[in-house]
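Reading through the structure tokens given below for one structure.
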Amino acid sequence: MRRAILLFLLVLSAAGYGQAKGKDKTVRSESERSAAKQVTTDKTTAVDKSKQTAAEKSKTTVPENLKTLTDKLKPSAAKDTLKATVAVEPEIIFNDSVIAIKGKFRLYKKNVHASYYHNKFNGKRTASGRKFSNSGYTAAHRKLPFGTILRITNEDNGKSVIIEVTDRGPFSRGREIDLTNRAFMEITSNKNSGSMNVKIEVMD
């Protein structure tokens, strides 16, 4: 009888241990599943963050590139606008150098006689110390300061030329100004004549 009781207790004990072990396995299995889910969730979150960061970088980079391109184009557009709106200043040539003339001209004298230099003066020093060239745009005047810019207009045909005073003269009575051969021939109506009536304007 005792043996039967002990045997029964041992069977119960073994059954309880089996159930406990099964529960432990079930708990461990659930823990492992939960951990696996957490790892998967972390990986998914990391991937989503990476995609979001890449998208943000892309969004940030594109406007900066466009802004840089716009900034590069702005000066060019401004220059083109400036060229289109600003009037071109008149230009003259002194000793083969192009010089922009800026400023207004005021009347100095009207209906005065202008003549031109003889070629024998080519290469000689003028009263200002500069070498004379009959192919330039210079003139001689008795009073106007050296370096004065003049606009000489032919009273007969309205043609004009801009010159610089670099010499003294002319000393013949009735002549107001001597021009280089080049300047004279550009505005004269009669290339066989040695003089013409002109209007003299001084640049302010």
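The values are calculated or read from the model by the stated rules, or taken from the named source; none is laboratory data. No experiment lies behind these values; they were computed from the predicted model shown. Glycine gets a Cβ as well: all are built from the backbone with ideal geometry, and neighbour counts include every protein chain shown. Note: areas computed on protein heavy atoms with side chains; ligands, DNA, RNA excluded. Shrake-Rupley method; radii C 1.70, N 1.55, O 1.52, S 1.80 Å.
Overview of values
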{"item": "Which of ILE187, ILE162 is most accessible, then next, and so on - probe 1.4 Å", "result": "ILE162, ILE187"}
{"item": "Kirkwood Rh in Å, taken over region 110-204 so that all alpha-carbon pairs contribute", "result": "13.0 Å"}
{"item": "Residues whose placed amide H lies under 5 Å from that of THR126, excluding near-sequence neighbours", "result": "LYS131, PHE132"}
{"item": "Label point distance in nm, LYS191-LYS109, each placed 7 Å from Cα along Cα→Cβ", "result": "2.8 nm"}
{"item": "Inter-label distance, nm, simple model (7 Å from Cα along the C-beta direction), ASN119/SER135", "result": "1.2 nm"}
